[in-house]
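Below you'll find the structure, written out as structure tokens, and then a few comments.
The values are calculated or read from the model by the stated rules, or taken from the named source; none is laboratory data. Here the structure is a predicted model, which is why all the values come from computation and not from measurement. Quick reminder, even Gly has a Cβ in these numbers, built from the backbone with ideal geometry, and neighbours come from all protein chains shown. Ligands, DNA and RNA are stripped out before the accessible areas are found, and what is left, the full protein with its side chains, is counted by its heavy atoms. Shrake-Rupley method; radii C 1.70, N 1.55, O 1.52, S 1.80 Å.
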Amino acid sequence: MEENKKLTNEAGAPVAENEHSLTAGPRGPVALQDVWLLEKLAHFDREVIPERRMHAKGWGAYGKLTVTQDISQWTKAKVLQPGAETELFLRFSTVAGERGAADAERDIRGVAVKFYTEEGNWDLVGNNTPTFFLRDVHNFPDLNRAVKRDPRTGMRSAQNNWDFWTLLPETFHQTTVVMSDRGIPASFRNMHFYGEHTFSLYNEDNQRVWCKFHFRTQQGIKNLTDEEAEMLIAKDRESHGRDLYEAIEKGDYPRWTMYVQIMTEEQAKNHYENPFDITKIWRHSEYPLHEVGVLELNRNPENYFAEVEQAAFTPAHVVPGIGFSPDKFLQGRLFVYGDAQRYRLGVNYNQIPVNRAKCEVHDYHRDGFMRMDGNYGGAPAYSPNSMGEWAAQPDVMEPPLDLSGALYAYDPQDDPTDDCFRAGGDLWRVMTEAQRALLIENTARNIAPVTENIKYRHAVHCCWADEEYGRRMTEALGLDPEKVKQLSKGDHKALIKATLPE
Ligand code: HEM
């Protein structure tokens, strides 16, 4: 043990002095030959890595998924077979704030899970909301700019935020969720989370169904009001991370029950709206939740940077039995995560221990910055080869997917079945009176600094979702009900035209 306590340099050689620089005389300049000092400073200069573009602030923990039910009729994924127990790493995050932001902000929460399955890593990179703001990947970088800092002032801007949201009617359901009582969860332990997108599952017979993943908290839902959150942030910017860490340290392991919603290919063809549009929900009454098992978090990381900051999740990581869908938002995400991580962590980021698969990896990728393993030694570096190494595995090929239609930049608003306000209206109608009152209050407070033209847009959207929602929002924002009524008579394009700044 004594040996371990001795200071060495990066090359393992003993370091004689770690507090006083090597100087020419007691009051003289520092010598270039103080190489330990140079190494220490040079390393320090490079300690900051880029933060994640979104979801910069986060907290992680290890745990396991235990499958208690049988859903093998839909999927052959080994991780989802009855009785399977799979180790996992999960990272919770806020979305808009930077790495130093406070946890208890009004924002959606990211929930990224890496399941270390025997067939490779499966990453589910979701949020605590069942839908998302947008449905075309084109809009994502712009959402980021609208909710983050204004280019001139360097400050967050409610004006930018609401201008962007109200120009895109598909954001309405998610805006309603974020402004609702659920907009500030009391802790990560007290919220549900979702895969959000439509994914696919396929079974041993290569039959495909469409699927959505849900994780419902066993701790119960608890939220904070704006006032409670402000008081909490004043005392503790790390409230959610601390809550999670302390619960796990004392053995109070948080758990979520996992469910899937299933839609057959036939049902999808006849569904009343696009089932691959991430801004739409699948109603539980039509597509019930089927229980799968329990996700538990039971171990804190040993080192925040190594495990939480360097964790890299991507929806592109699936395993046989789980696949993608034509959701064009998901399609965009399949590219972006690995791309971001190659920039943020380097091309060999999958070799960082928290990201490394627990099964053998044989991918032929060679070399690159920070190669940490033996680089596959002398094994063949090309494929096909005559040595029989690492052949592709056609038995795990997904079932073929029929596609049709001409290549074009389609606008989903031109789809006659598209209704951006149905889900928000449904949500309003299932809310209790207390929840409705909070939603109105929270929105009014949040949108207060914004110009009136944008407030009119939002009030009209609320009217289109539900008459009462619209009426109460109009009143709370101090708008002219007659003007809202007039604006509500047109379509969205007319609304935008009528509410552009003069
Ligand atoms: C096409 C739209 C989207 C784009 C372009 C996008 C992009 C990104 C990027 C670049 C990161 C940082 C990745 C990294 O540096 O490791 C990120 C993180 C994240 N995104 Fe997205 N995102 C999109 C939509 C979504 C959606 C719909 C969800 C939820 C269903 C989501 C959940 C997350 C989560 C949870 C993280 C944090 C992962 C972690 O903890 O490391 N994103 N996103």
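Observations, loosely collected:
- Selection of segment 458-489 for residues being closer than 14 Å to THR176 by Cβ and among the basic types (Lys, Arg) yields only ARG472.
- Residue within segment 66-78 that is under 29 Å from ILE352 (Cβ atoms), in the same structural domain as ILE221 (by TED's automatic domain parsing) and under 21 Å from the mean Cα position of the chain (by Cα) present: no
- Taking the criterion of being within 16 Å of the ligand (Cβ to nearest atom) and open to solvent by less than 50 Å² (accessible area, probe 1.4 Å), the residues of segment 51-72 that qualify are ARG52, MET54, HIS55, ALA56, LYS57, GLY58, GLY60, ALA61, TYR62, GLY63.
- Filter result for GLY28 (more than 10 Å from the ligand (Cβ to nearest atom), exposed (fewer than 15 other Cβ atoms within 10 Å of the Cβ) and not assigned by TED's automatic domain parsing to the domain that holds GLY321): yes
- The residue of segment 323-369 that is surrounded by the fewest Cβ atoms within 10 Å (Cβ to Cβ), among those that are polar (S, T, N, Q) and in contact (Cβ under 8 Å) with a residue 24 or more places away in the chain, is GLN331.
- Residue check for GLU118: open to solvent by 50 Å² or more (accessible area, probe 1.4 Å) and over 30 Å from VAL318 (Cβ atoms): no
- For ARG237: the one exception among (1) farther than 23 Å from ALA101 by Cα; (2) part of a loop (DSSP other than H, G, I, E, B); (3) out of contact with any Pro (no Cβ under 7 Å at 6 or more places or on another chain); (4) open to solvent by 10 Å² or more (accessible area, probe 1.4 Å): (1)
- Pair list, Cβ under 7 Å, 6 or more apart: segment 299-321 residue within 29 Å of LYS76 (Cβ to Cβ), other residue polar (S, T, N, Q) and within 13 Å of the ligand (Cβ to nearest atom): ALA311/ASN355; ALA312/GLN341; ALA312/ASN355
- Residue match in segment 168-175 (condition: among the aliphatic types (A, V, I, L, M), out of contact with any strand residue (DSSP E or B) (no Cβ under 7 Å at 6 or more places or on another chain) and in a helix (DSSP H, G or I)): no
- Residue tally, condition in a helix (DSSP H, G or I), among the polar types (S, T, N, Q) and more than 12 Å from the ligand (Cβ to nearest atom), over segment 130-167: 4
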